[in-house]
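*Asks:* First, the structure itself, so that you have it in front of you.
The values are calculated or read from the model by the stated rules, or taken from the named source; none is laboratory data. These numbers come from a predicted model, not from an experiment. Positions of Cβ are backbone-derived with ideal geometry, glycine not excepted, and every protein chain shown enters the neighbour counts.
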Amino acid sequence: MSLTKFRSYFSICSHFPKVRNSSIAGLDSSIAASPFAQCRFFSSKNEFPSNDSIIPKFINNRNPKNLEKLRIGEKPKGWCFEKEDKKFWNRVTLDISSRHISASIIHYLGQSPVMASSKEWCIKKYLYSTNDACAAKLVGQVLAQRCLQAGITEVACFFTPDERKKEKVSLFIKAIEDFGVGLMEPPQILPDWNVNHWEIPETPWDIHEDVDDIYSSASKYRGYKIRKHAHPSPKEMNEYNK
């Protein structure tokens with residue numbers, strides 16, 4: 001019996017006691033059927049594969065909207081003279097026709113990830129009319145629930161003040177806000193600009209926090225003011241002490 005065959009037989013006997021009663025002639029068949037049979041075919045060099053065979057050359061981003069969630073994704077700029085503002089990631093739209101009420105979330109690339117309408121049977125069966133104020137409120141609730149399920153927590157809202165005064169639009173907006181979806185998107189976090197920014201490249205581990213937003217939210221919710229980093233003037237000190 002060779003040394004390799006003896007080691008395989010010893011490992012099988014230690015894990016499977018019934019193999020001890022088997023004959024040496026049937027050892028080859030027992031070894032071939034055992035889970036330890038492949039151990040003798042691997043050498044020390046090929047035991048662990050290389051990193052090149054494990055790490056793929058291309059990584060598929062399964063959530064391309066992740067950069068928008070981190071507030072570092074590119075937000076469209078320009079079109080300041082257009083009627084509709086296009087500086088958004090996702091915006092809410094409401095279409096009130098003579099028979100139905102439809103709402104959707106539109107991405108700036110033209111996609112509609114979330115939609116809700118009183119035409120759907122799951123919404124229509126709870127309504128007396130598909131065009132009244134109750135329908136607008138229910139469509140807003142369903143749209144907000146689907147937004148949260150899709151991972152959208154803030155959307156841009158471009159309704160004019162005259163449109164907000166209408167009953168259906170106001171109920172629709174209130175239903176979305178009450179369900180936990182904000183109607184104002186946070187601004188995009190931009191890297192700090194420097195005079196010699198061409199010479200100092202931006203590193204991926206730098207974190208650009210919006211300190212001004214943190215200060216404003218702290219003063220809004222906690223009721224205190226935060227001093228500036230520079231030494232304040234006497235006029236600023238008087239305003240701060242008020």
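*Asks:* Any residue in region 102-114 that's in a loop (DSSP other than H, G, I, E, B): show its pairings with residues that are surrounded by 16 or more Cβ atoms within 10 Å (Cβ to Cβ) at Cβ separation under 7 Å, as long as the two are six or more apart or on different chains.
*Replies:* Filtered contacts from region 102-114: TYR108/PHE88; TYR108/TRP89; SER112/SER104; SER112/ILE105; SER112/ILE106; PRO113/ILE105; PRO113/HIS107.
*Asks:* Can you say whether HIS107 is over 25 Å from MET184 (Cα atoms) and either in contact with a Phe, Trp or Tyr (Cβ under 9 Å, 6 or more places away or on another chain) or surrounded by 15 or more Cβ atoms within 10 Å (Cβ to Cβ) (or both), as far as the supplied structure shows?
*Replies:* no
*Asks:* Looking at LYS57, LYS83 in this structure, which one is closer than 26 Å to GLU167 by Cα and modelled with pLDDT under 80?
*Replies:* Criteria check complete, one pass: LYS83.
*Asks:* I need a count of the residues in region 63-91 that are aliphatic (A, V, I, L, M) and either over 16 Å from the mean Cα position of the chain (by Cα) or assigned to a loop (DSSP other than H, G, I, E, B) (or both).
*Replies:* Here the count works out to 2.
*Asks:* Out of (1) surrounded by 17 or more Cβ atoms within 10 Å (Cβ to Cβ); (2) of a type in the set (Gly, Ala, Ser); (3) within 23 Å of ASN63 (Cα to Cα), the odd one out for ALA175 is which?
*Replies:* (3)
*Asks:* Within region 165-172, is even one residue at pLDDT 90 or above and under 28 Å from PRO64 (Cβ atoms)?
*Replies:* For region 165-172, residues at pLDDT 90 or above and under 28 Å from PRO64 (Cβ atoms): absent.
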